[in-house]
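The values are calculated or read from the model by the stated rules, or taken from the named source; none is laboratory data. This is a predicted model, so every value here is computed, not measured. Here Cβ is always computed from backbone atoms with ideal geometry, including for glycine, and neighbour counts include all displayed protein chains. The accessibility values were calculated without ligands, DNA or RNA, using every heavy atom of the protein model including side chains. Shrake-Rupley method; radii C 1.70, N 1.55, O 1.52, S 1.80 Å.
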Amino acid sequence: MVPTENGFAPKSGYFGNQLRSIRDLGSADMPAWDFVEFSPLLDSSNIAYEQWNEIAAAIETRYDAYDGFVVLHGTDTMAYSASALSFMLEGLNKPVIFTGSQIPLCELRSDGMDNLVTSVFIAGQGKVREVCLYFGGRLLRGNRAVKASADNLIAFESPNYPPLAAAGIDIRYHDELLRNETAADFRAVKVKASGIGVIKVFPGINFDLFQPIFTRELDAIVLETFGTGNIPDYDGSLISLIERAAANGTIVCVCTQCAQGTVRLGAYETSSALARAGAVSGYNMTTEATVAKLYYLFSIGLDRESIRKSMEQDLRGEVNITK
């Protein structure tokens, strides 16, 4: 990012020149690295599934040539992209580390240099073999991360899973938390456009307003509910919507608005009706991981019932299943 008359915006060629001026990246203790710049460069607010495919393809074509990968990404949608890549990169056996900065690298006090240098170092060490997000001294599982602050330099949290590593004087890995996938052929799955919506429940919500979107073209709805999966259902309108969605083949996945904790459909009367109407539980998945997982599952050719079952399974360490 560089300053413009309309605010900070990406500038082609700028970051590559900045990288070459960072002394630590040329240290003998650092791995050798190459830099790939996408075109056009985008503010992360403009990133969608097409860019997830572009990142995945860039890794796939270079997979055998490198020991690890660092993805430099804007913070606004980084958790979505890290979640998506965790599903798309099947058989991944190398580090893929997402990182960025709260303060652009061109500005005084930028946090970008430390995030970048440490991410490259972690990628070179090869201890993690999954998609991660490094920010503010902590290495998080990519599909567990959420952006928690727009102002603080520690911008990301992992509410329902501990950090995989902490970077102080040394980088301290928590080996018991790392994923150890069995050897499998690596491939990058290309995701396709899907009709996915997110509805956040709030007091006084009028569900009738959402009637027009519940059509056969709607592939899935992520329902952000209160607490452990509770909903206001003043007149039965939400349940009728979910029953209509189920009849259309739409997947309804229930997540919680709480930063920590899990969905337990049926724990309270106000959530039992969701299960009876055909909704599935997202347990303690983040909304970011839920949306990304749906994109992935719709793209690999599964039928709707298989997708429903997979949403309640742990595929990449994204969820704790609590029955």
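Observations
- Relative contact order for the range 183-294, counting Cα pairs under 8 Å that sit 6 or more residues apart, in percent: 26
- Surface accessible to a 1.4 Å probe, per residue, for the residues of the range 144-294, Å²: 48
- Mean separation of Cα contacts under 8 Å, 6 or more apart, over the residue count of the range 260-323: relative contact order %: 36
- Amide H contacts of residue 156 (H built 1.01 Å from N, under 5 Å, at least 5 apart or other chain): 148
- Between residue 202 and residue 260, the FRET efficiency from the beta-carbon distance, with R0 = 22 Å, is close to 0.65.
- Within the chain: Cβ-based charge dipole about Cα centre, in debye rounded to nearest 20 (Lys, Arg +1; Asp, Glu -1): 380
- Potential lengthening between residue 244 and residue 129 on full extension [0.36 nm per residue; Cα-Cα distance subtracted]: 37.3 nm
- Loop-located GluC sites (Glu not before Pro) in the range 198-276, at most 14 other Cβ atoms within 10 Å (DSSP): 217
- Tilt relative to the chain, helix 78-88 - C-alpha long axis, 0 to 90 degrees, to 10: 80
- Per residue, the convex hull spanned by the alpha carbons of the range 1-78 comes to 112 Å³.
- Shown for the range 58-203: the carbon plus sulfur share of the solvent-accessible area, taken with all protein chains present and a 1.4 angstrom probe, equals 49%.
- Point-charge dipole on Cβ atoms (K/R +1, D/E -1) for the range 163-267, about Cα centre, debye to 20: 220
- The spacing between the range 224-299 and the range 98-142, judged by their C-alpha centroids, is 33 Å.
- Answer label, with Kirkwood radius over Cα pairs in Å calculated from the coordinates and candidates (i) 19.5; (ii) 20.8; (iii) 24.8: (ii)
- Most fluctuating residue given options 51, 313, 18, as computed from a GNM of the chain linking Cα atoms under 10 Å: 18
- For the chain, a Gaussian network of Cα nodes joined below 10 Å ranks 289, 148, 184 by mean-square fluctuation, and the top entry is 184.
- Nearest 10 degrees, 0 to 90: helix 237-248 Cα axis against the chain principal axis: 80
- Distance in nm between pseudo-label sites at residue 176 and residue 37 (7 Å out along the Cβ direction from Cα): 4.6
- In the complete set of protein chains, residue-level accessible area for residue 1 is approximately 80 Å², probe 1.4 angstrom.
- FRET E, pair residue 67, residue 17, Förster distance 22 Å, beta-carbon r, rounded to 0.05: 0.30
- Between residue 186 and residue 60, residue separation times 0.36 nm minus the direct Cα-Cα distance comes to 44.6 nm.
- ³J(HN,Hα), Karplus 6.51/-1.76/1.60, whole Hz, each residue of the range 22-33, x for Gly, Pro: 7, 4, 4, 5, x, 5, 5, 7, 9, x, 5, 9
- Pairs of Lys residues in the chain are counted when their Cα atoms are under 21 angstrom apart and they lie 8 or more places apart or on different chains; the count is 12.
- Per-residue Karplus couplings for the range 128-136, computed as 6.51 cos²θ - 1.76 cosθ + 1.60 with θ equal to phi - 60°, are listed in order as 8, 10, 7, 7, 10, 10, 10, 6, x Hz, Gly and Pro entered as x.
- Solvent-accessible area per residue, Å², over the range 1-113 with all protein chains present [probe radius 1.4 Å]: 53
- Long-range amide H partners of residue 69 with built H, under 5 Å: 96, 97
- Extension gain, residue 234-residue 272: 0.36 nm per intervening residue step, less the Cα-Cα distance, totals 12.2 nm.
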